[in-house]
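See structure below.
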Amino acid sequence: RKQLAELEASRVRQLKKLSELSMTLSGDPAVVFDQVVRIIGELFNVQVVCLSEIVGEELHFKSVYIDGQILRSEEHCPLAITPCATVAQAKDMRIFDRVMERFPQATFLKDHEAYMYCGFPALDSHGTVVAVTCLLDNNLHEFAEEEHELLRIIGQRIAVEIERSRHISEKQQAENALRQNHALLSAIMDATMDIVFVKDLEGRYLHMNPAGARVVGLSPQEIVGKDDNAIWPADLAACCKEADRQ
C-alpha cells in the first residue's frame, strides 16, 4: 500500500509538472495544438488524440496525434453524429467504452478501431464550448481525478488558443478587405479625369491622381510629400491653402 501510495504521489507530481509545461506553450496556435496533442498522447499512452474546433454544427479537425505521429487535418464532420456532441452539450468530460457501437456514424472511430473514448471541452471566455479534444484507444483506460483536472486545465489553454486563432483570422480578413477597398478606391481615383488628391493636416500631399499630376507637370510620386508652395505658383498656392482651410 505504501509503494502504491508513493507511485501515485509520483504520478501526481508528474501530472502537475506536465500541466505547468503545457501552460508555457507559445507560438502559432497551430503549433501549440500539435504540442498539446503530443503531450496528451505521451502522458496517457493512448493511440489517438484528436483536437477539433466546433464551427457551427460541424467538428473541424485541427491536430491529430496517431501512435507518436502528429498530423494536421482539414477534414470535418457533423458534430451531432460524434461522441464529441455529448461533451459539447454537457460542457464537461465524457468517457465511453464500446464507442463504435454507441456512435456508428462517426467514421473516424472506425478508422482507428476505437474501443475507448474520452473527450473534454475547451470553453471560451463566454462559457461556450469552442473545441473538443478526444483520446481514443482500443483498451479501456481509467482516469484518476488528478488526470481529469489536468485535462480540464489543458482544455482551458486550448480555448485560449482557439480564441487567439480566430482573432488572427478575423484580423487577416479585415486587413485583406481593407487592402481590396484601398485598391478599388485607388483605381477609381486614378481612372477619373477630375483632379483628386489627399493631404495630411499639415497640407502635404499623400496622394495625387494622374489627372492632377498632369496639370502640375510632375509625376504623382514626385508630388507626394510636398505642399502647395512646392508645386504651385505663390498666388495659386495661397488659394489652395485657403480652400483647404475653408
HN-Hα couplings for segment 219-226 via Karplus (6.51, -1.76, 1.60; θ = phi - 60°), in whole Hz with x for Gly/Pro, come out as 7, x, 5, 6, 7, 4, x, 8
Using θ = phi - 60° and the Karplus relation 6.51 cos²θ - 1.76 cosθ + 1.60, list the HN-Hα couplings for segment 132-149 in order, rounded to whole Hz, with x at every Gly or Pro. 10, 10, 10, 10, 10, 7, 8, 10, 6, 10, 9, 10, 6, 4, 4, 5, 4, 5
For the chain, just the Cα atoms, rotate onto the principal axes and tell me the three extents in Å, largest first. 99, 41, 31
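In deg cm²/dmol, rounded to 500, what helix-only [θ] at 222 nm does the chain give when every DSSP H run of at least 4 residues adds -39500 (n - 2.57) and the total is split over its residues?
Values: 10 runs with 128 residues, N = 246.
One gets -16500 deg cm²/dmol as the mean residue ellipticity at 222 nm.
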Amide H neighbours of residue 59 at under 5 Å, excluding residues fewer than 5 places away on the same chain, with H built from the backbone geometry, are 77, 79
Once 42, 8 are ranked on solvent-accessible area with the largest value leading and a 1.4 Å probe, the list reads 42, 8
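Could you do me a favour and compute the accessible area per residue for the chain, 1.4 Å probe, result in Å²?
Values: 14610 Å² over 246 residues.
Value returned for the chain: 59 Å² of accessible area per residue.
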Want the number for residue 2 to residue 113: 0.36 nm per residue separation, take away the alpha-carbon distance, what's left? 36.2 nm
Cα-based convex hull, segment 105-246, per residue volume (Å³, whole number): 219
Cα-Cα separations in segment 23-77 greater than 12 Å, expressed as whole percent: 62
How much length would be gained if the chain were fully extended between residue 218 and residue 179, taking 0.36 nm per residue of separation minus their Cα-Cα distance, in nm to one decimal? 11.4 nm
Using θ = phi - 60° and the Karplus relation 6.51 cos²θ - 1.76 cosθ + 1.60, list the HN-Hα couplings for segment 229-234 in order, rounded to whole Hz, with x at every Gly or Pro. 4, 7, 10, 10, x, 4
The helix 2-23 Cα axis meets the longest alpha-carbon principal axis of the chain at an angle in degrees, between 0 and 90 and rounded to 10, of 10
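The values are calculated or read from the model by the stated rules, or taken from the named source; none is laboratory data. Quick caveat: nothing in here was measured; it's all calculated off a predicted structure. Areas reflect the complete protein model, heavy atoms only, side chains present, ligands, DNA and RNA absent. Shrake-Rupley method; radii C 1.70, N 1.55, O 1.52, S 1.80 Å.
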